[in-house]
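What follows is a set of notes on a single structure, which appears directly below.
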There are 2 protein chains.
Amino acid sequence: MSLQLLSEHGCFAGVQRFYKHDSRETRGPMKFAAFLPPRARHAKVPVLYYLSGLTCTEETFAIKAHAQKLAAELGLMLVAPDTSPREPRLPGDADSWAFGQAAGFYVDATRAPWSSNYRMYSYVTRELPELIQSELPALAGMASIFGHSMGGHGALVCALRNPAQYRSVSAFAPIAAPSQCPWGVKAFTNYLGNDRSTWAEYDASELVARKPFPGKILIDQGSADQFLTEQLLPDRFSTAAQKSGQAFELRMQPGYDHGYYFIQSFVADHLRHHAAHLTH
Amino acid sequence: MSLQLLSEHGCFAGVQRFYKHDSRETRGPMKFAAFLPPRARHAKVPVLYYLSGLTCTEETFAIKAHAQKLAAELGLMLVAPDTSPREPRLPGDADSWAFGQAAGFYVDATRAPWSSNYRMYSYVTRELPELIQSELPALAGMASIFGHSMGGHGALVCALRNPAQYRSVSAFAPIAAPSQCPWGVKAFTNYLGNDRSTWAEYDASELVARKPFPGKILIDQGSADQFLTEQLLPDRFSTAAQKSGQAFELRMQPGYDHGYYFIQSFVADHLRHHAAHLTH
């Protein structure tokens with residue numbers, strides 16, 4: 001698992017890097033972004049993973065979320081992977097912007113042809129953290145995770161299934177009950193098949209109803225988000241969280257939509273939420 | 001001159017908007033971005049214009065420069081126009097990324113066919129400010145300007161030629177002596193013709209040697225910028241500024257390249273530089 005440095009850019013006295021490597025999980029090349037704060041020059045630092053949404057790449061968060069300034073101050077490494085395998089190409093992988101390329105949904109697919117490469121769950125929770133731990137100045141055992149939309153779904157699922165691995169979790173406008181919305185149903189049907197019992201392991205609302213994450217979950221959601229009532233369904237997650245007694249804050253943000261102007265407006269609160277668990 | 005609102009996005013309790021309008025100068029549609037700080041809901045606010053570099057659009061600054069948070073706090077409107085006319089198309093306007101489309105160089109072209117539409121100098125210094133003044137909550141007489149690369153050149157030229165119009169000026173990695181670098185020579189030859197005496201009005205180093213801008217000019221320049229020694233030539237500008245006694249600060253920033261990771265790292269200093277002239 002050797003890393004190829006694609007580019008690096010000075011940024012707030014730290015460095016924004018883009019890497020490529022051969023992935024054992026997706027059986028092809030994968031890219032990710034890593035922001036290293038100034039502190040990482042001489043010390044190991046905690047890692048905050050960010051999972052992006054539909055249509056995004058490993059560059060989206062680094063360009064649009066405006067997180068580097070505060071991450072530099074807080075001493076956090078920011079790691080953002082791509083949103084799906086890109087090679088080898090599979091038949092139909094670009095037919096829809098909500099499935100296939102840039103829409104891996106952070107699951108391990110079990111249906112052909114996707115099962116051979118679309119293993120983003122194992123990539124994000126196992127392979128990528130191992131790589132970061134071995135190749136970058138990452139403090140062992142100090143990681144948290146957040147994400148947006150499809151990546152908010154991914155972050156919640158990763159954390160709820162691996163509470164010992166992530167110190168904290170948060171999300172912007174997550175697809176909070178994917179088994180109950182068109183994007184999720186399409187993705188899960190194709191990646192996992194028609195047996196809905198297999199979907200529960202990738203549905204944050206199902207998972208949180210079963211067992212709470214040990215720590216408060218922070219979710220920001222724009223009230224003017226065009227996907228709110230059909231695709232995102234934070235109310236379902238909220239109801240499920242209450243069942244298990246999950247500590248939970250859902251902040252409805254009036255006037256904000258689904259995009260990165262929303263995310264940049266509240267990303268500082270998320271970084272501080274995670275830093276409180278990672279740096280104390 | 002009526003404005004068409006293309007989109008708006010909640011952003012740091014203000015709003016990031018994108019507009020389109022029919023331009024009298026470029027004789028076609030033009031787009032620009034405007035960030036309105038929260039204060040603009042109930043009061044007129046100063047306007048800080050930003051001119052982008054080669055290959056950029058009206059979206060680049062809004063997405064990549066990370067300026068909205070502090071602009072919201074300082075109460076500044078941020079206005080960023082596109083970098084050239086886009087319609088009507090002209091023969092050869094997309095043959096080079098450094099000329100034509102997205103490369104208007106903020107000049108009023110005098111050579112055919114460019115002279116009919118490529119009038120970005122008049123667009124930026126006259127038409128756009130009139131539009132902002134009449135259609136948005138802009139405080140009269142309170143405007144400043146900055147920019148990056150080709151847009152840094154543009155900002156310096158606009159301010160040096162119109163010192164009564166701009167309270168302050170700054171630039172990131174400007175093309176500081178365009179008559180002496182390949183990008184500038186190519187653009188000026190095609191837009192203005194072979195008579196170099198006509199180029200001086202669009203060359204910041206020529207202008208500043210003649211007459212200083214009434215106030216300190218701030219320039220940030222990355223030391224790792226790949227265009228530094230061939231295209232940007234801040235040393236020429238520095239020498240010229242000394243001739244006229246221009247108050248001037250050139251900050252060489254070690255480890256930073258030509259991109260927006262550099263800009264975002266220092267944009268706060270530029271906003272504060274301008275706010276000191278616009279809000280006191």
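The values are calculated or read from the model by the stated rules, or taken from the named source; none is laboratory data. All values reported here derive from a predicted model rather than from experimental measurement. Counting neighbours? That spans all protein chains shown, and the Cβs are built from the backbone with ideal geometry, glycine included. Quick note on the areas: whole protein, heavy atoms, side chains included, nothing else; ligands and nucleic acids left out. Shrake-Rupley method; radii C 1.70, N 1.55, O 1.52, S 1.80 Å.
Quick notes on this structure:
- Qualifying residue in the stretch B:220-235 (condition: open to solvent by 40 Å² or more (accessible area, probe 1.4 Å), within 20 Å of B:Met120 (Cβ to Cβ) and acidic (Asp, Glu)): no
- Tally, over the stretch A:18-33, of residues that are of a type outside the set (Ser, Thr, Tyr), away from chain B (no Cβ under 14 Å) and either under 18 Å from the mean Cα position of the chain (by Cα) or open to solvent by 20 Å² or more (accessible area, probe 1.4 Å) (or both): 9
- Residue check for B:Leu36: farther than 15 Å from B:Leu3 by Cβ and either surrounded by 23 or more Cβ atoms within 10 Å (Cβ to Cβ) or away from every other protein chain (no Cβ under 14 Å) (or both): no
- Taken as a whole, the condition of being closer than 20 Å to A:Ala159 by Cβ and within 14 Å of chain B (Cβ to nearest Cβ) does not apply to A:Ala72.
- Filtered by the rule that a residue be touching a Lys or Arg at 6+ places or on another chain (Cβ under 6 Å) and either among the basic types (Lys, Arg) or open to solvent by 10 Å² or more (accessible area, probe 1.4 Å) (or both), the stretch B:123-160 gives B:Pro137, B:Leu139.
- Selected residue [modelled with pLDDT of 95 or more, buried (at least 23 other Cβ atoms within 10 Å of the Cβ) and over 30 Å from A:Lys186 (Cα atoms)] from A:Val15, A:Val79, A:Val45: A:Val45
- Which listed residue is more than 14 Å from chain A (Cβ to nearest Cβ) and under 27 Å from B:Ala200 (Cβ atoms), from B:Val124, B:Val45, B:Val79: B:Val124
- Out of A:His9, A:His66, sole residue that is modelled with pLDDT of 95 or more, within 14 Å of another protein chain (Cβ to nearest Cβ) and farther than 21 Å from A:Phe146 by Cβ: A:His9
- Among residues of the stretch B:153-194, those that are part of a helix (DSSP H, G or I) and touching a residue at least 24 places away in the same chain (Cβ under 8 Å), counted: 21
- Test: residue in the stretch A:243-257 that is touching a Leu at 6+ places or on another chain (Cβ under 8 Å), within 14 Å of chain B (Cβ to nearest Cβ) and closer than 30 Å to B:Gly14 by Cα: yes
- Tabulated pairs, the stretch A:73-87, first free of Cβ contacts under 8 Å to residues at least 40 places away in the same chain, second hydrophobic (A, V, I, L, M, F, W, C), C-beta under 7 angstrom, 6+ apart or interchain: A:Ser84/A:Ala102; A:Ser84/A:Ala103; A:Ser84/A:Met120
- Of B:Ala275, B:Ala200, all but one fail to be aliphatic (A, V, I, L, M) and more than 30 Å from A:Gly14 (Cβ to Cβ); the exception is B:Ala200.
- Filtered residue count, the stretch A:260-277, keeping only those that are open to solvent by 10 Å² or more (accessible area, probe 1.4 Å) and in contact (Cβ under 8 Å) with a residue 24 or more places away in the chain: 8
- Per this entry, A:Tyr191 is counted among residues that are more than 14 Å from chain B (Cβ to nearest Cβ) and surrounded by 21 or more Cβ atoms within 10 Å (Cβ to Cβ).
- Scanning the stretch A:1-42 for residues that are farther than 25 Å from A:Asn117 by Cα, of a type in the set (Gly, Ala, Ser) and in a loop (DSSP other than H, G, I, E, B) returns a single hit, A:Ala13.
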